[in-house]
Amino acid sequence: MTREILSSAPAKVILCGEHAVVYGEPALVTAINLKAYCRLIETDTGKIEITSRNLGKSISYALDSKERPPRNELYPILRSLLHILNKFDERVSARIEISSEIPVSAGLGSSAAVPVACSAALYYFINGKLDREAVMEAAREAEKIVHGRPSGIDTMIATFGGVYAYRKFEEPIKIDVPRDFPKILVIDTGIKRSTGALVEKVRRLKEKYPKVIDPVIHAIGRLTIEAIYAIFDRDYERLGELLTLNHRLLSTIGVSHEQLDLIVKTAIENGALGAKLTGAGGGGCAIAICYEEHVERVTNALKVRGFRCFSVNVSEDGVIIERK
Ligand code: PMV
C-alpha cells in the first residue's frame, strides 16, 4: 500500500527583537494560526519530487544522480530533505506537495514553516516518530540557503509553536501569555522583500558605523527584555509603547519602509497600543496590538489606506503530523 503523510507547521510573528537577534540579542516570537502543509506520497520513481501550489514551481532530483541538484526556489527544501536522507543513509523516493496559507516573503516565516513541515513528513516517514530537534536541524539547512546569516528563530518557532524568548545558541524560554493579552493584528504592505538582502544591509551598516549601530542593536535587545516583563506585569500600554519604540529603532538601522511607517502611524492614531514592522522589514508585514474595542477602528483606518489587515491568534501548535 502506498504510504502518505500530511504534516503542518505554523507561521510566526516576531513581537520584538528582529535583526538584533542575528547578533545574539534576545527576541520575542509567537507562532500564529496560519499554516504551511506538506503532503508526502511514497513513489517508486527513485526521485524526490517537490511541487508548490502557491509558487507554481516544482523540482525533481534522482537520488542516484551524479549531477548537482537543480536550483530554483524549492532547492532549499530539497536540501533539507537530502540532509535527512543522508543522516539515515536512506533512499526514499517520494512526491512532496506543498500548500500554504502563509503569504510568501512577507516576514511571517513562510520560508521556515515549509521546510519544517516537509522535513517532519520525511522524518516521520522514515522513523515512524517525530524528533523535533532533528527536524529543526534539517530545516536550518534550507534557512541557511535562503538567507546566509539566520538567527534560527524562524525554524525554532515553526518547530515548537507557542510564544518564546529566543537567543541564539541558548535554550529558548517559553512564555505563558496571559488570557487578557491584546489582539494581534497583522497588516500586509503587499511589498515583497528579501530577508537575506535586509540582514546584509544591516550587517554593512553595522560594519561601517559600529559605534553608532552596535548600541542600537543592544537597545533593541534591552527593549525585548522590558517587553517580556511588561507581559508578565500585564501592562499592555507599556508593551505597546515598547513595540513602537522597537519600530523606530528598526527604522534607524534602515529596515523600515514608508508604507510600514504609515501603518504604524495610522494604527496608533486610531487606538492601537503599539505597532511595528515584523520580520526583516523593507516591506512585508507590520503588527499592531490593540484592545478588542479598538480593533474595528484600527482595521478600518488601515483598510481605507489600502492595506490588508487581519487578526491572528497565538498558536500552541508547532510542527505536527496531521495524518498518517
Ligand atoms: O522576515 P523573516 O520572517 O524572514 O524574519 C527574519 C528575522 C530576522 O531577525 C531579520 C533574521 C533572523 O534570522 O533572525
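If you place +1 on the Cβ of every Lys and Arg, -1 on the Cβ of every Asp and Glu, and leave all else neutral, what size is the dipole of region 212-282 about its Cα centre, to the nearest 20 Debye?
So the dipole magnitude of region 212-282 works out to roughly 80 debye.
Could you work out how far apart the two model spin labels at Asp214 and Lys129 are, taking each label as a point 7 Å from the Cα in the direction of the beta carbon, and quote it in nm?
So the two model labels end up 4.6 nm from each other.
Any chance you could list the semi-axes, whole Å, largest first, of the equivalent ellipsoid that the Cα gyration tensor gives for region 1-59, using √(5λ)?
Computed over region 1-59, the values are 34, 14, 11 Å.
By the gyration tensor of its Cα atoms, with a ≥ b ≥ c the square roots of the eigenvalues, what is the shape of region 125-206: rounded for a/c under 1.5, prolate for a/b over b/c, or oblate?
Oblate, since a/c reaches 1.5 and b/c is not below a/b.
Rounded to the nearest 500 deg cm²/dmol, what is the calculated helix-only ellipticity per residue at 222 nm for the chain, with -39500 (n - 2.57) per DSSP H run of length n ≥ 4?
-13500 deg cm²/dmol
To the nearest 0.05, what FRET efficiency results for Arg203 and Lys174 with a Förster distance of 41 Å applied to their C-beta separation?
Result of the calculation: an efficiency of 0.85.
Would you tally the net charge around Ala230, using a Cβ to Cβ cut-off of less than 10 Å, leaving Ala230 out, and scoring K and R as +1, D and E as -1?
Around Ala230, the surrounding residues sum to -3.
Can you give the relative contact order of the chain as a percent, counting alpha carbon pairs under 8 Å and 6+ residues apart? Numbers along the way, then the final one.
On the way: 746 pairs, mean separation 83.4, N = 324.
Contact order relative to length: 26 percent.
At q = 0.08, 0.12 Å⁻¹, what log₁₀ I(q)/I(0) does the chain have when each alpha carbon counts as one equal point scatterer in the Debye sum?
Result of the Debye calculation: -0.36, -0.78.
Evaluate the distance, in nm, between pseudo-label points positioned 7 Å from the Cα of Lys66 and of Lys265 along their respective Cα→Cβ axes.
Calculated label separation equals 6.3 nm.
List the pairs from Lys183/Lys276; Lys12/Lys183; Lys35/Lys276; Lys276/Lys303; Lys12/Lys174; Lys47/Lys87 whose alpha-carbon separation is above 19 Å, in the order I gave them.
Table pairs above 19 Å Cα-Cα are Lys35/Lys276.
Once you charge only the Cβ atoms, +1 for Lys and Arg and -1 for Asp and Glu, what is the size of the charge dipole of the chain about its Cα centre, to the nearest 20 debye? Write out the running numbers ahead of the final one.
On the way: 44 positive and 41 negative charges, 182 e Å.
I would put it at about 880 debye.
Scan around Gly282 for amide H atoms under 5 Å from its own, H built in the peptide plane at 1.01 Å from N, and keep only partners 5 or more places away or cross-chain.
Ser256, His257
Under 13 Å from a point placed 7 Å out from the Cα of Glu90 along the Cα-to-Cβ direction: which residues of region 34-56 have their backbone N that close?
Residues 40-43 qualify, since their backbone N sits under 13 Å from the label point.
Taking 7 Å along the Cα-to-C-beta vector as the label spot, tell me the Val104-Phe232 distance in nanometres, rounded to one decimal.
Modelled inter-label distance: 4.2 nm.
Each residue of region 188-200 in turn: what ³J(HN,Hα) in whole Hz from Karplus with 6.51, -1.76, 1.60 and θ = phi - 60°, glycine and Pro shown as x?
In residue order, the calculated couplings are 9, 6, x, 8, 7, 8, 10, 4, x, 5, 6, 4, 5 Hz.
List Leu15, Leu243 from most exposed to least, where exposure is judged by having the fewest other Cβ atoms within 10 Å.
The fewest-first ordering by Cβ neighbours comes to Leu243, Leu15.
Readers should treat all values here as calculations from the given coordinates under stated rules, not as data from a laboratory. Here the structure is a predicted model, which is why all the values come from computation and not from measurement. Methodologically, a virtual Cβ is constructed for each residue, glycine included, from the backbone with ideal geometry; neighbour enumeration extends over all protein chains shown.
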